[in-house]
Amino acid sequence: MKNIKVLGSGCAKCTKTAELIQKLAAELGVEAAVVKETDAEVIMGYGVMWTPAVVVDELLVHSGSIPTQADITGWLQS
């Protein structure tokens with residue numbers, strides 16, 4: 001199972017990122033626990049300056065925009 005955190009303030013882009021990850025995980029048949037993290041201290045702990053950001057299995061893989069479907073698919077399949 002993939003543990004995925006979407007880091008951000010809860011803005012529309014952060015919500016869309018989480019929804020997109022959940023949708024693609026379901027389509028690919030990948031078990032993924034997607035959590036939205038809004039705590040600024042936690043976000044800063046990952047060194048994130050721009051949100052939305054994505055952490056997969058405790059590794060920061062993306063920040064600053066909504067990721068592409070190709071990026072998400074790669075994270076889910078790796």
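The table for this structure:
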| item | result |
| --- | --- |
| For the chain, share of DSSP beta bridges that run antiparallel, in % to the nearest 5 | 55 |
| Where GluC sites (Glu not before Pro) fall in DSSP loop in segment 17-65, at most 12 other Cβ within 10 Å | E31, E58 |
| Mean shadow area of segment 1-60 over all directions, Cα convex hull, nm² | 3.6 |
| Residues whose placed amide H lies under 5 Å from that of L60, excluding near-sequence neighbours | none |
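Coordinate-derived values only; no laboratory data. For clarity, every value in this text was computed on a predicted model and none was experimentally measured. With ideal geometry, Cβ positions are generated from the backbone for all residues, glycine too; neighbour counts draw on all protein chains shown.
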